[in-house]
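The values are calculated or read from the model by the stated rules, or taken from the named source; none is laboratory data. Worth saying up front: this structure is predicted, and the values here are computed from it rather than measured. Cβ sites come from the backbone with ideal geometry, for glycine too, and all protein chains shown count toward neighbours.
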Amino acid sequence: MRNDPTRYQLIDFGDQQKLEMIGGMKFIRPAAAATGSRAQPKLWTDIDGRFDRDRKGKGRWNWSSAPPDPWIGHHAGHPWSLRANEHGHIGIFPEQQENWDWLSKQIDGDPIDVLNLFAYTGGSTLAAAAAGATVCHLDASRSSVKCARENANASDLGEAPVRWIIDDAMEFLKRELRREKRYQGIIIDPPTYGRGPSRQVWDIDKDMIKMLDLCRDLFAGDGRFLLLSAHTPGYTPDVLARLVEDRCGFRCKRGEMQLETQDGRLLSSGSFARWSRR
């Protein structure tokens, strides 16, 4: 299965880049944690595209052969509608798979209410809905929410109890508190910077503590779990865990999200902190 070109594969990494394949396309993207040398340099020449950043941090894709339309890949038991964007994303964060498996175990068939913030194209939403939860999926990007709904339909979850919300996360949380809405599970995967539908500004350094305070107040008395993940430099597992413990009072398991090559090498790809009542 690892050699199926439609499925996600981390082929190799090194020199602060990673070589990946999904949906029949083989490409290179930056990866700050990919230090050291490439293990299989010969595999890096025959590629379909690459994402490069200039000195100002702006990036662009360069394709020798453009991705198909639709571009469909497979990962974690689901088909994915893939879209390359100007930030170097492709419509899926495969390093989240361990967190998706963890979410499934926390829900385990119970129809609890789960809030997924900065939900992107729906990986955590699909995991929670497939496990039996009622999910509120929130993202500020209309195109990301559209893609998430396509992913749900492709996974036979189009009729699952999911609220699809396009909104600014902070404003939505405040309204939910005024409505006295409560959730048993909360998932937060914030970007470093972002903008809401009305150009509201999100800055993880300025807003993360305020968001955790709001989420703490949104927890139901029988709250089940909280998952916080991040790809922002400096937001290590210990930093995320301290934030959750300080603002919410939860003792967390912490760790790195990782991708694994076929030869067993691991690439650090972000951090997580997880609390569960179980």
Next item on the list: Might you check whether a residue that is without any contact (Cβ under 8 Å) to a residue 60 or more places away in the chain and more than 20 Å from Trp275 (Cβ to Cβ) occurs anywhere in segment 209-221?
Entry: no
Notebook entry, point to check: Quick one: in segment 165-190, which of the residues that are out of contact with any Asp or Glu (no Cβ under 9 Å at 6 or more places or on another chain) and buried (at least 17 other Cβ atoms within 10 Å of the Cβ) is nearest to Val114 (Cα to Cα)?
Noted result: Ile186
Check: Within segment 81-92, which residues are crowded, with 21+ Cβ neighbours inside 10 Å and at negative phi?
Finding: Ser81, Leu82, Ile90, Ile92
Notebook entry, point to check: Take the residues of segment 42-80 that are closer than 14 Å to Met21 by Cα and acidic (Asp, Glu): which is surrounded by the most Cβ atoms within 10 Å (Cβ to Cβ)?
Noted result: Asp48
Margin query: Any residue at all in segment 238-255 that's modelled with pLDDT of 95 or more, surrounded by 21 or more Cβ atoms within 10 Å (Cβ to Cβ), under 18 Å from the mean Cα position of the chain (by Cα) and in a loop (DSSP other than H, G, I, E, B)?
Written below: no
Check: With (1) of a type in the set (S, T, N, Q); (2) surrounded by fewer than 19 Cβ atoms within 10 Å (Cβ to Cβ); (3) assigned to a loop (DSSP other than H, G, I, E, B); (4) at pLDDT 95 or above as the list, and Ser104 as the residue in question, which single condition is left unmet?
Finding: (3)
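A quick yes/no check of all residues on (1) under 18 Å from Arg83 (Cβ atoms); (2) at pLDDT below 95; (3) assigned to a strand (DSSP E or B):
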site: Asp12; (1), (2), (3): no, no, yes
site: Leu19; (1), (2), (3): no, no, yes
site: Lys26; (1), (2), (3): yes, no, yes
site: Arg38; (1), (2), (3): no, no, no
Notebook entry, point to check: Applying the selection to segment 138-159, what residues are under 11 Å from Gly122 (Cβ atoms) and either polar (S, T, N, Q) or assigned to a loop (DSSP other than H, G, I, E, B) (or both)?
Noted result: Ser144, Asn151, Asn153, Ser155, Leu157
Note to self: Of all residues being surrounded by 17 or more Cβ atoms within 10 Å (Cβ to Cβ) and among the hydrophobic types (A, V, I, L, M, F, W, C) in segment 219-237, which is farthest from Gly270 (Cα to Cα)? Just the residue, please.
What the structure shows: Phe219
Check: Thr134: under 26 Å from Val244 (Cα atoms), at pLDDT 95 or above, surrounded by fewer than 20 Cβ atoms within 10 Å (Cβ to Cβ) and in contact with a strand residue (DSSP E or B) (Cβ under 6 Å, 6 or more places away or on another chain), yes or no?
Finding: yes
Notebook entry, point to check: Taking segment 167-220 only, how many residues are over 25 Å from Asn99 (Cα atoms), among the β-branched types (Val, Ile, Thr) and within 18 Å of the chain's Cα centre (by Cα)?
Noted result: 0
